[in-house]
Structure formats: C-alpha cells, structure tokens
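Contents: one structure, followed by commentary.
The values are calculated or read from the model by the stated rules, or taken from the named source; none is laboratory data. Note that the structure is a prediction, hence the values are computed from the model and not measured. Methodologically, a virtual Cβ is constructed for each residue, glycine included, from the backbone with ideal geometry; neighbour enumeration extends over all protein chains shown.
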Amino acid sequence: MFGWFLQVLLAALAFTCLILKRFCEPPYERRPWLIWFYDTSKQGMGALVIHLANVYLATKFQGDPCTWYIINFLLDSSIGLGIIYVGIRVSQYLSRVRRWEAINFGEYGKPPSVNAWVAQCCLYVLLMVIVKICITLLIQLDFWDDVRDFILSPIVNPKVEVVVVMLVIPFFINALMFWVTDNFLMRRSSRRGHPVDPSLLQRVKVRYRKIKREKRDDSESDVLLSADEELLGTNGSLQQRLPSVMIT
C-alpha cells in the first residue's frame, strides 16, 4: 500500500511540474487547456502502464530491490528517453509521408478530435512497452550492483539511503522525464515572436515601396530643377554681358 501511495505522490508532483511548465511557455506557444490535457494525459497513461509492469517484474527480479529501483529510473531517463524521442519522430514522419494525421503527435485537428488523442495515446503506450522491454533486458546484466554502490557510496546512513532511493532520485528523474517528454509530444510552433497579420505586412510593403518611389521621383525632380537653374543662371549672365558689349 505504501508503494502505491509513493508512486501516486511522485506522479502528482511530476504532473505539477507540467502545470508549471505550461505557464513558463511563451504566450505564442502556450497551449489551450484541452490541448495541454491531451498532451500530458498520454504521459499519465504511459506512466500507469509502466508502474503496473514494474510491480509485476519486481516479483520476478532476483537481486537487491534497491538496485532494481534506482537502475530502472536511471535507464528510463537515458535510454528510455532516447527510444521515446526516436519513436515520436518516426511517427511524425510517417504521418507526413503516409498522410496518417491521427498519429502526428501534438496535432488533434480543428476542433480537437478525441479519436486522434486515442490513437496517439495507444501509440505512446506502445513506445513505453518497448522501453520497458529493453530496460528489463539490460537490467539483467551483472554490473548494475557496482553502479548502485558507486552512486550511493557517499551516503552512510541507511535511512538517508532509503529516502534518496525512494524519494529524491525518483522525484527529480520523474520531473525531468515528464518535462522533456512533454517537449517531444507537444506541437512546436514555427513562430519565434508575436504573430503578424500577412495582410498588414503586405500593406506595409506596398506603402514602403510607394514612399521609396516618391522619394526617388523627388530626387530626380531636384536634379532636373538644379540643371534648369544652372541653365537659367548661365543665360542670365550672358544677358548681363551682352548690353555691356553693345555699349562699348
């Protein structure tokens, strides 16, 4: 019972980090609450499946339970994240090539479709199952006890060791995984600033070109005017000289 309570507590704290992450997003990338729920609930479903798998596999594991627990989290946050990233990118590539819009992570259509969310949720759970299979195979290696001893070597007090293994490491790794995975799952906007109305931008360009053309015409008029003034000035000087010549 305590294990279930601990897992629920860790999941709630990690989910709180996702709420904080939403408010830290730029305004032009901040998701509506419904889209945010669709994105984050996939992680919740995946975490539930993984927890049930861990409960089952822990009874089959022959060795130190602390080793199983801590190495699981370390592999989840390294190899597991890599598999999730590759799987999501492959799914997005297939959605573009094959026109399978339902498996394009972060895209749910307009209005958002529950069917798209269900398809992406099932695909994400499948990715988590693949991650768990790979980690279960890797954890059978013999050197993980030495890795566990190296990580916990600075801790002498057994009670502190239990707190670190059961609370501290799982909390930080869970928060990191939820945060990073949410970046994988969410739809990334290509804009890096406030959106600009294309029609307004077009009007600004037209206005700029018009002003530039007017300035160019004014400069040409100034050149012509100065040439005329120079010609008139020359004629005026000639007219002033002619009377003096005629008088002499």
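Yes or no, residue by residue, for (1) within 17 Å of Cys121 (Cβ to Cβ); (2) aliphatic (A, V, I, L, M):
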residue: Ala12; (1), (2): no, yes
residue: Ile19; (1), (2): no, yes
residue: Gly46; (1), (2): yes, no
residue: Ile50; (1), (2): yes, yes
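On inspection, Val8 qualifies as at pLDDT below 90 and either over 20 Å from Leu185 (Cβ atoms) or touching a Pro at 6+ places or on another chain (Cβ under 9 Å) (or both).
Arg98 fulfils the conditions (1) touching a helix residue (DSSP H, G or I) at 6+ places or on another chain (Cβ under 9 Å); (2) more than 14 Å from Met186 (Cβ to Cβ); (3) of a type in the set (Lys, Arg) except for a single criterion, (1). Only one of the numbered conditions (1) of a type in the set (Val, Ile, Thr); (2) modelled with pLDDT of 90 or more; (3) out of contact with any Asp or Glu (no Cβ under 8 Å at 6 or more places or on another chain) is not met by Ile71, and that is (2). Scan the range 53-79 for residues that are more than 17 Å from Met166 (Cα to Cα) and either assigned to a helix (DSSP H, G or I) or in contact with a Phe, Trp or Tyr (Cβ under 6 Å, 6 or more places away or on another chain) (or both) and the total you get is 8. For Arg96, the stated conditions hold: it is more than 16 Å from the chain's Cα centre (by Cα) and not aliphatic (A, V, I, L, M).
Check whether at least one residue in the range 25-43 is part of a helix (DSSP H, G or I), modelled with pLDDT under 90 and surrounded by fewer than 17 Cβ atoms within 10 Å (Cβ to Cβ), and report yes or no. No, the range 25-43 has no match at all.
Conditions tested, residue by residue: (1) in the same structural domain as Ala175 (by TED's automatic domain parsing); (2) surrounded by 12 or more Cβ atoms within 10 Å (Cβ to Cβ); (3) modelled with pLDDT of 90 or more.
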| residue | (1), (2), (3) |
| --- | --- |
| Ile50 | yes, yes, no |
| Cys66 | yes, yes, no |
| Arg89 | yes, yes, yes |
| Arg99 | yes, no, no |
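Within the range 115-136, is even one residue assigned by TED's automatic domain parsing to the domain that holds Met45, among the small types (Gly, Ala, Ser) and either within 19 Å of the chain's Cα centre (by Cα) or surrounded by fewer than 11 Cβ atoms within 10 Å (Cβ to Cβ) (or both)? No, the range 115-136 contains no residue that is assigned by TED's automatic domain parsing to the domain that holds Met45, among the small types (Gly, Ala, Ser) and either within 19 Å of the chain's Cα centre (by Cα) or surrounded by fewer than 11 Cβ atoms within 10 Å (Cβ to Cβ) (or both).
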